[in-house]
Amino acid sequence: MPVIEVSIGPQHPALHEPIMLRVRVDGEDVVGVEVVTGYNHRGIEKLAESNTFLKTLYIVTRVCGICNMMHSNCYVQAIEEINGIEPPPRAQALRVLAMELERLHSHMLLAAVVAEIAGFESLFMLIMRDREKVMHLKELLTGNRVIADYVWPGGVRRDLSPEVAEKIRRSMDILEQRIKYYMEVYTSDRLLRRRLEGIGVIPYSVAVSHGLVGPTARGSGVDIDVRRDDPYAWYGELDFQVIRRSEGDALARMLVRFEEALESINIIRQVLEKLPSGPINSLKTPPRRFREGEAISRVEAPRGELLYHVVSRGGTKPYRVKIRTPSIPNILNSLVAYQGATLADIPVILASLDPCISCMERVIVVDERTGRERLENLRQLARRRADQ
């Protein structure tokens, strides 16, 4: 039978963001996959060069709606290092609290999405119902369910009241039982397990050599976690486990996330128990000008290591802001996961990698004189700049 090419995406019922997989199949068996991106880029890094340090904070917070706290914290850590700013312990602890709530709702969201793609719509609805509890807690803490703008140079914007702390504490007891239940469903339901077990296997050696990160790497046995390996914020004061599994398949990646969600609950409880007293910001007003220098900041986002490299030439605007999101290595370097799969397995394998496409390769250019907009990709922008 001749090999044919089937395009999955950029618009597809299993895709929540635009990406295309060019899948070569022999009958129903996958013999090759090519990932095509470029449908969703917004030019975040270039925007940062023309805005002040503080305005850039609002821009990078919107790189990803699911893990915006991670982006804002990572960027703020970098500019704090450049200016020698040290947030107080209470602010550092509250940052951890907000980031772990974000990790919790992100892992629950993916568990729901994978269930939906596998054909378990009732399970999807149940998980999303319980995820709403986390979104409500995030709103109580930060002031917003999604885009929080909570982290601020020198600390955080809002303090934690005793009433909100108690609501979070009670909700963790409920969520712990629900997550354990959903984990049991994933492992005991025969049909769901067959859709995931032995599917999309990434060997340990490939995960290491290809630089995979986060739960995708830990599901293949790689022992990495920025929170432990390079502690930031208040993580050095907390006791938690780095979850790993050795199977390397889609089920292992999902079980890692379930267990990480339980570890997030453990971390949240520790923060509430040990929360230091004191101010939530070391600055009365944030600095407008920043020193000359550069800093590299890392955090463990829900999908893995998120890195910001910020360069300042001195002044009010950053000279360069480089962002490396975890989806870049996880999506582009995990093609081995599709080898030996069938065409029906492709959406499940892709979803198990927890892809986030919201920061890739396209920008709207506005002519200041006429106000007209045009859409250009990175290749067009590079060619235009070369012509100039």
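Rule-based calculations on the coordinates, nothing more; no lab input. Computed from a predicted model, the values in this text were never measured in an experiment. Here the Cβ positions follow ideal geometry from the backbone for every residue, glycine too, while neighbour counts run over all protein chains shown.
Dipole of the range 265-357, Cα-centred, from +1 at each Lys and Arg C-beta and -1 at each Asp and Glu C-beta, to the nearest 20 debye?
760 debye
Where does each of VAL96, VAL146 land when they are ranked from fewest to most other beta-carbon atoms within 10 angstrom?
VAL146, VAL96
Given 0.36 nm per residue, what is the gain on full extension from SER282 to THR342 after removing their alpha carbon distance, in nm?
Difference between extended and current length: 16.1 nm.
Quote the FRET efficiency, to the nearest 0.05, computed for ASP230 versus SER7 with a Förster distance R0 of 51 Å and r equal to the Cβ-Cβ distance.
About 0.80, to the nearest 0.05.
Take the alpha carbon gyration tensor of the range 108-163, find the square roots of its eigenvalues, order them as a ≥ b ≥ c, and report rounded if a/c is under 1.5; if not, report prolate when a/b exceeds b/c, else oblate.
Because a/c hits 1.5 or more and a/b exceeds b/c, the range 108-163 counts as prolate.
Provide the FRET efficiency to the nearest 0.05 for the ARG291-LYS167 pair, computing r from the beta carbons and using R0 = 45 Å.
It comes out at approximately 0.65.
Report the calculated FRET efficiency for GLU121 and HIS210 (r = Cβ-Cβ distance, R0 = 25 Å), to the nearest 0.05.
Efficiency, from the Cβ-Cβ distance: 0.15.
Under the classification rounded if a/c is under 1.5, otherwise prolate if a/b is larger than b/c and oblate if not, where does the range 131-269 fall, given a ≥ b ≥ c as square roots of the Cα gyration tensor eigenvalues?
Oblate shape, in that a/c is at least 1.5 and b/c is the bigger or equal ratio.
With +1 on each Lys and Arg Cβ and -1 on each Asp and Glu Cβ, how big is the dipole of the chain about its Cα centre, in debye rounded to the nearest 20?
1280 debye
In whole Å, how far is the Cα centre of the range 16-91 from that of the range 274-295?
Here the two parts' Cα centres lie 23 Å apart.
Under the rule a/c < 1.5 gives rounded, and otherwise a/b versus b/c splits prolate from oblate, where does the chain land using the Cα gyration tensor?
oblate
Within a 10 angstrom radius of the beta carbon, how do THR216, THR56, THR316, THR37 rank from fewest other beta carbons to most?
THR316, THR37, THR56, THR216
Within the set of other residues whose C-beta is less than 9 Å from the C-beta of HIS136, count the net charge using Lys and Arg as +1 and Asp and Glu as -1.
Once all neighbours under 9 Å are counted, the net charge is +2.
To the nearest 500 deg cm²/dmol, what mean residue ellipticity at 222 nm is calculated for the chain from DSSP H runs of n ≥ 4 alone, each contributing -39,500 (n - 2.57), summed and divided by the residues?
So the helix-based figure for the chain works out to -14500 deg cm²/dmol.
Once the piece of chain linking GLU237 and ASP149 is laid out straight, how much longer is it, given 0.36 nm per residue of separation minus the C-alpha distance between them?
29.2 nm
Given the options SER171, SER72, SER334, which has the most mean-square fluctuation in a GNM of the chain, springs set between C-alpha atoms less than 10 angstrom apart?
SER171
Among LYS133/LYS274; LYS138/LYS274; LYS55/LYS274, which pairs are too far apart, with a Cα-Cα distance over 25 Å?
LYS55/LYS274
Could you point to the residue in GLY315, ILE267, SER352 farthest towards the positive end of the chain's charge dipole, with +1 and -1 charges on the Cβ of Lys/Arg and Asp/Glu respectively?
Working it through, the farthest residue towards the positive pole turns out to be GLY315.
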